[in-house]
Amino acid sequence: MASDVIVRFDNILALDNFSVSIPRGVVGLLGPNGAGKSTFIKTILGLVEPVSGDIDIVGLDPRKDVMSIRDRVGYMPEHDCLVDSMSGLEMVTYFGRLSGMTKEDSIPRSHEVLDFVGLGEERYRPTASYSTGMKQRVKLAQAIVHDPSILFLDEPTNGMDPLGREEMLELIGKIAASDKSILVSSHILQDMEKVCQYVIIIDNGRSVAQGTMASLLDQDMTKRRMTVRGSPKSLQTFSEQIHRDFEETSISEEFGQMNIVFINDGSFAMILDMAKGHDVQVRSYVPDRLTLEDVFIRSMKRDA
Amino acid sequence: MGLNPIGYKPWNGKRTEHNRRFLVIADSILRQKIKGIWFLGMLILGTFIVHVLPLILRSMSPHEGLSAIMMRDYLGDGLFFIFEVILVALVCSDLISEDVRSNSITLYLSRALRVEGYLLGKWLGAMITICLFTLIPPLAVSIAITVTQSGSDYLSSFTVVGQTFLAGLWSAAFFIPIGLAISSITRKKTYAGVGTFMFFFILMIVATIFTEFSTGWALLSPLELLYDTHTVIYGLELSADVNQAILGAIVFILTVPPLLLVYLRIMRKGVGK
């Protein structure tokens with residue numbers, strides 16, 4: 001949990017009264033570049049000193065108990081960070097030992113986590129020869145080798161092919177099932193939607209929205225998706241009236257069929273009457289669930 | 001690739017103490033360096049030329065005991081100095097630069113390891129590796145000379161062996177801060193290696209040029225500095241030309257500020273600058 005955290009780099013306010021409460025499970029940390037996601041993670045790791053505010057990680061304060069916190073945390077950075085001269089196995093073992101494992105413990109444990117992330121015989125090759133997918137797997141393996149209770153994953157699916165992405169998300173789900181807190185930062189919102197149970201949206205160093213995935217996606221129950229057909233002229237006049245009378249979020253036309261997404265908290269009968277008046281047929285009219293992308297864009301616009 | 005149908009398994013082992021984890025870094029550096037062809041080649045060549053021949057010659061030739069002057073001159077030899085600088089350049093070149101280039105410094109600093117611990121681990125790893133040349137062979141030479149001596153004053157000889165131990169440690173400690181500092185200011189290990197060698201080489205050239213005008217400039221030469229500090233360690237008289245305050249100041253400048261520079265560089269990297 002963080003409350004009113006302020007972090008400043010010279011004249012730049014990186015975190016501005018940042019307050020979040022992070023539950024167990026997979027939590028998504030979303031925000032544009034420079035929003036303060038990495039700064040927040042570094043503040044928790046004790047690499048950056050906050051000017052003011054309180055942070056509580058499993059009952060520990062990064063300012064006083066930074067070493068105990070780091071023992072409980074696993075970190076998978078966004079960028080390449082592998083030691084080129086080491087093999088995957090050597091590297092995971094090495095960072096396991098740096099996290100407090102004995103050599104006798106870290107070697108079998110490294111094999112175990114490399115098996116878990118799906119890195120086979122490649123583990124004996126120098127990491128410099130790895131593909132992006134393999135690198136991401138080794139990065140995840142070094143983050144979990146010491147069995148941390150909190151995991152920070154920065155862009156875990158970055159640069160991976162679709163199959164690799166699916167597997168990475170599956171791995172995150174498996175880790176989360178063992179009662180861990182996982183904070184995932186990613187720009188790929190579809191991935192986040194699949195894996196996260198809770199979402200924090202951050203912009204300009206402030207938390208602009210947060211809540212369970214379900215509550216964020218269901219927050220706008222008045223959004224409707226309607227499909228209509230008719231002559232081009234009828235469709236055009238109908239869409240113009242929808243645009244005038246309702247808050248319309250998107251409109252598209254293809255082969256004489258128009259898809260309109262708009263906000264309607266009134267009755268469907270009124271829409272039917274309007275369609276009849278313009279000589280268009282309503283083919284479908286269904287509630288439209290928000291996507292995480294919609295939530296993200298709305299939060300950004302609201303904040304701007 | 002592809003995932004095995006296995007679940008995540010927790011680990012319930014006991015963790016080592018935080019303040020001992022720098023030893024893991026030191027251990028890794030030693031293992032990595034002794035596997036390196038260049039380092040190993042130079043170590044073997046240097047050991048044979050600088051240490052093995054004197055060991056055979058000095059222990060075979062008639063001698064009454066081990067003298068401090070003999071060991072001081074042996075450790076102040078130009079060949080010893082050249083091989084030492086080459087080995088320091090080879091060992092230190094990638095210690096920080098590679099971590100910065102590959103961003104693996106982020107992984108180190110996310111562990112329960114302070115910047116001081118990271119730096120101590122790097123320094124200790126370099127020390128142990130360089131001591132393979134500056135400490136162990138001179139100790140072997142001094143012990144060989146002691147056990148083959150004709151005189152009976154073993155106490156005095158073993159005192160010199162102890163002083164040789166200190167001199168060997170100091171020889172490594174003197175060069176490593178500059179090696180680490182240069183490694184921390186570049187991302188390319190080649191630049192760091194060449195830079196370290198050239199730093200000491202240029203200091204020697206500058207000292208040689210200016211000594212023509214004043215003998216005090218000789219103290220700028222790392223070879224001269226090493227010789228004078230060995231003289232102090234062996235409890236011998238410094239030459240009248242040597243100003244002890246300036247000697248202390250230059251030794252301080254070449255050891256402490258470079259390590260502070262490395263510390264600050266790593267701190268800055270930690271916050272992502």
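The values are calculated or read from the model by the stated rules, or taken from the named source; none is laboratory data. Predicted, not measured: the structure shown is a model, and the values here were computed from it. Neighbour counts are summed over all protein chains in view; Cβ atoms, including those assigned to glycine, are modelled from backbone coordinates with ideal geometry.
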ask   = Looking at B:Ile128, B:Ile145, which one is modelled with pLDDT of 95 or more and not acidic (Asp, Glu)?
value = B:Ile128
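Yes/no per residue for (1) among the hydrophobic types (A, V, I, L, M, F, W, C); (2) assigned by TED's automatic domain parsing to the domain that holds A:Ser131; (3) touching a Cys at 6+ places or on another chain (Cβ under 7 Å):
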residue	(1), (2), (3)
A:Leu171	yes, yes, no
A:Ile175	yes, yes, no
A:Lys180	no, yes, no
A:Ile200	yes, yes, no
A:Arg229	no, no, no
query = In the list B:Ala192, B:Ala181, B:Ala167, which residue meets the criterion of being surrounded by 15 or more Cβ atoms within 10 Å (Cβ to Cβ), at pLDDT 95 or above, in contact with a His (Cβ under 6 Å, 6 or more places away or on another chain) and within 29 Å of B:Leu90 (Cβ to Cβ)?
reply = B:Ala167
ask   = Tell me, which residue of the range A:1-23 that is among the small types (Gly, Ala, Ser) and touching an Asp or Glu at 6+ places or on another chain (Cβ under 8 Å) is modelled with the highest pLDDT?
value = A:Ser19
task = Could you please find all residues in the range A:102-127 being touching a residue at least 12 places away in the same chain (Cβ under 8 Å) and either among the hydroxyl-bearing types (Ser, Thr, Tyr) or more than 9 Å from chain B (Cβ to nearest Cβ) (or both)?
result = A:Ser106, A:Ile107, A:Ser110, A:His111, A:Leu114, A:Arg123, A:Tyr124, A:Arg125, A:Pro126, A:Thr127
key: Within the range A:246-277, tally of residues that are under 14 Å from A:Thr222 (Cβ atoms) and without any contact (Cβ under 8 Å) to a residue 12 or more places away in the chain   = 3
ask   = Could you say which residue among A:Leu13, A:Leu47 is in the same structural domain as A:Thr127 (by TED's automatic domain parsing), among the hydrophobic types (A, V, I, L, M, F, W, C), farther than 27 Å from A:Asp115 by Cβ and in a loop (DSSP other than H, G, I, E, B)?
value = A:Leu47
So A:Thr132, is it modelled with pLDDT under 95, among the hydroxyl-bearing types (Ser, Thr, Tyr) and either in the same structural domain as A:Asn33 (by TED's automatic domain parsing) or within 20 Å of the chain's Cα centre (by Cα) (or both) = yes
key: Per-region count, the range B:13-56, residues closer than 17 Å to A:Glu104 by Cβ and either touching a residue at least 40 places away in the same chain (Cβ under 8 Å) or out of contact with any helix residue (DSSP H, G or I) (no Cβ under 6 Å at 6 or more places or on another chain) (or both)   = 11
inquiry  = Just to verify a result, which residue in the range A:140-153, among those that are closer than 15 Å to A:Ile41 by Cα and away from every other protein chain (no Cβ under 11 Å), is surrounded by the fewest Cβ atoms within 10 Å (Cβ to Cβ)?
reply    = A:Ile150
note = A:Val58 meets each of (1) out of contact with any Asp or Glu (no Cβ under 7 Å at 6 or more places or on another chain); (2) touching a residue at least 24 places away in the same chain (Cβ under 8 Å); (3) surrounded by 23 or more Cβ atoms within 10 Å (Cβ to Cβ) with one exception, condition (3)
remark   = When the range A:154-183 is checked residue by residue, the ones that are under 16 Å from the mean Cα position of the chain (by Cα), more than 12 Å from chain B (Cβ to nearest Cβ) and not in a loop (DSSP other than H, G, I, E, B) are A:Arg165, A:Ser181, A:Leu183
request  = Please give the helices (runs of 4 or more DSSP H) falling wholly within the range B:1-105 in which 2 or more residues are within 9 Å of chain A (Cβ to nearest Cβ).
outcome  = B:22-35, B:97-101
ask   = Taking the range A:75-101 only, how many residues are more than 8 Å from every other protein chain (Cβ to nearest Cβ), under 20 Å from A:Leu153 (Cβ atoms) and either surrounded by fewer than 22 Cβ atoms within 10 Å (Cβ to Cβ) or in contact with a strand residue (DSSP E or B) (Cβ under 6 Å, 6 or more places away or on another chain) (or both)?
value = 2
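Okay, residues lined up against (1) closer than 25 Å to B:Ile205 by Cα; (2) loosely packed, with under 13 Cβ neighbours inside 10 Å; (3) within 14 Å of another protein chain (Cβ to nearest Cβ); (4) among the acidic types (Asp, Glu):
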site: B:Ser221; (1), (2), (3), (4): yes, no, no, no
site: B:Gly235; (1), (2), (3), (4): no, yes, no, no
site: B:Gln244; (1), (2), (3), (4): yes, yes, no, no
site: B:Val251; (1), (2), (3), (4): yes, no, no, no
site: B:Thr255; (1), (2), (3), (4): yes, no, no, no
ask   = If you check A:Leu29 against the conditions, is it at the interface with chain B (Cβ under 7 Å from one of its Cβ atoms) and in contact with a strand residue (DSSP E or B) (Cβ under 8 Å, 6 or more places away or on another chain)?
value = no
Some residue of the range A:72-91 being over 29 Å from B:Lys189 (Cα atoms) and touching a Lys or Arg at 6+ places or on another chain (Cβ under 7 Å) = no
task = Taking A:Pro62 as the residue in question, decide whether it is in contact with a strand residue (DSSP E or B) (Cβ under 6 Å, 6 or more places away or on another chain) and more than 7 Å from every other protein chain (Cβ to nearest Cβ).
result = yes
